[in-house]
Every structure is written in structure tokens, then in C-alpha cells.
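Novice: Sharing a structure here in C-alpha cells format.
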Amino acid sequence: MTRTGVIRILNDNGACREARKWVCSRWFSSSRDMWATCPRGDWMLWIAGRVGVKRETLVLAACACARLALPYIEPGEMRPLRAIETAEAWARGEATLDQVRATNYAAAAAAEAAAYDSSAASAVAAADADPSAAYFAAAASASASAAADADPSAAYFAAAALKKMQRTCSDAVRAIISHDMIMEAIK
């Protein structure tokens, strides 16, 4: 697919200005190169959902992003992990949507106790929710953790943590959703 084709897809589907700007401001040898270098997992999940990648695959990729926030969960708090695992089981056909919702509610209860810490897992647990929500929640979790320091440079570290989480999430998405899957969905 050409750069013009990618830009048309982004415009036709209402992509955010930042994503369109990223595509327009760089030279790419191919759409494969764009996919390989995309710095934002949420953009990747968004486009995958818009072009028709299977919902189950999107959920697995979102779960991979949400798993990145688990180190920020209170030790011993298992509800967010259970929510992620149940969403993954749903994607494999091993759990019902009702089971996913039940673990999501439990993870949400954990989120009330520890605001940012549990939000990443509870965001992804609902298989019928927007998969990119998990990405934002995971990134927010990392940023909140870094900003929690009393150090005056916490804002710098929070921004660095967010940027690292964005790169890590995009790698997690690429591990599950390949460029070829995107091209197949577009056809």
C-alpha cells in the first residue's frame, strides 16, 4: 500500500491529527516500514480495528499492552491479572463475555482502591470495549507511578515513562498483529 493509500485510510476513518501528522512528516519506503516503526500502540490498535482485524486479535493485542501495567499493581492484587487472563480466554473461545464482564467488575473494584494501578487491566477486560483504552490505561499507570515521586523532576520521568510505555506497547501490538494481517483486512 502506498503512503497516499495509508493517508486516505486515516482520513476516511477520522484518525487523530497527531497520527496523520506522524505519517505525513516522515518518509517511508512502504506501509510495512510504517507499521514497523509506528511509535504508538494505540494508533496501531485503532487502525487494526478500523480496517477489520478480528476482534479477538485486537483483544489479545490490547491485553498484551495492559500486561505491561501489571508491575504497577499493588503486590498480591490479582483481580487485574484475572481480568486480563479472562479477556485472553474469551479471545481464544474459552470464556464467555459474561465471565469477562464479571472479572472486569472485580478489577474495577480494585481500581477504586488503587486508582491508576488497576485501571489498565480493567480497561482491557471488557472484550467489547475499545481495545486502545488498555493502551492509554497502561501508559497512564506508568506515568502516574513515575510522577508519584516527590522528586521535582517527576514530570520529566513521567514523560519518559510514557514514551517508553508507548514504544513497548507498539512492540506488543506488532508481536500479535502483523503488517500482513492489516493488509489482508484491508482487501
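Novice: Please specify each residue of the range 37-51 satisfying the condition of being within 12 Å of Ile182 (Cα to Cα) and not basic (Lys, Arg).
Specialist: Met44, Leu45, Trp46, Ile47, Ala48, Gly49, Val51
Novice: List pairs: first in the range 73-101 and in contact (Cβ under 8 Å) with a residue 40 or more places away in the chain and crowded, with 22+ Cβ neighbours inside 10 Å, second of a type in the set (A, V, I, L, M) and part of a loop (DSSP other than H, G, I, E, B), Cβ under 7 Å, 6+ apart or cross-chain?
Specialist: Listed pairs, sorted by first residue: Pro80/Ile73; Ala87/Ala127.
Novice: Could you list, in sequence order, all residues of the range 3-36 that are among the hydroxyl-bearing types (Ser, Thr, Tyr) and farther than 17 Å from Met183 by Cβ?
Specialist: Hit for the range 3-36 is Ser25, nothing else.
Novice: Within the range 1-59, restricting attention to residues that are within 19 Å of the chain's Cα centre (by Cα) and either modelled with pLDDT under 90 or of a type in the set (Asp, Glu) (or both), which residue is surrounded by the most Cβ atoms within 10 Å (Cβ to Cβ)?
Specialist: Ranking the qualifying residues of the range 1-59, first place goes to Asp42.
Novice: Can you find a residue in the range 55-69 that is in contact with a His (Cβ under 9 Å, 6 or more places away or on another chain) and either touching a residue at least 60 places away in the same chain (Cβ under 8 Å) or within 19 Å of Ala172 (Cα to Cα) (or both)?
Specialist: Among the residues of the range 55-69, not one is in contact with a His (Cβ under 9 Å, 6 or more places away or on another chain) and either touching a residue at least 60 places away in the same chain (Cβ under 8 Å) or within 19 Å of Ala172 (Cα to Cα) (or both), which makes the answer no.
Novice: Checking His179 against (1) modelled with pLDDT of 95 or more; (2) buried (at least 21 other Cβ atoms within 10 Å of the Cβ), which single condition isn't satisfied?
Specialist: It fails just one condition, (2).
Novice: Is it true that some residue in the range 12-29 is of a type in the set (Ser, Thr, Tyr) and part of a loop (DSSP other than H, G, I, E, B)?
Specialist: Yes, that holds for at least one residue.
Novice: Hey, can you tell me all the residues within the range 40-91 that are among the small types (Gly, Ala, Ser) and assigned to a helix (DSSP H, G or I)?
Specialist: Passing the criteria: Gly41, Ala48, Gly49, Ala61, Ala62, Ala64, Ala66, Ala83, Ala87, Ala89, Ala91.
Novice: Hey, another quick one. Assess whether Ala95 counts as being outside any helix (DSSP H, G or I), aliphatic (A, V, I, L, M), farther than 30 Å from Thr4 by Cα and touching a helix residue (DSSP H, G or I) at 6+ places or on another chain (Cβ under 7 Å).
Specialist: Yes, satisfied.
The values are calculated or read from the model by the stated rules, or taken from the named source; none is laboratory data. All figures in this text were calculated on a predicted structure; none of them were measured in a lab. Note that we place each Cβ from the backbone using ideal geometry, even for glycine, and neighbour counts take in every protein chain shown.
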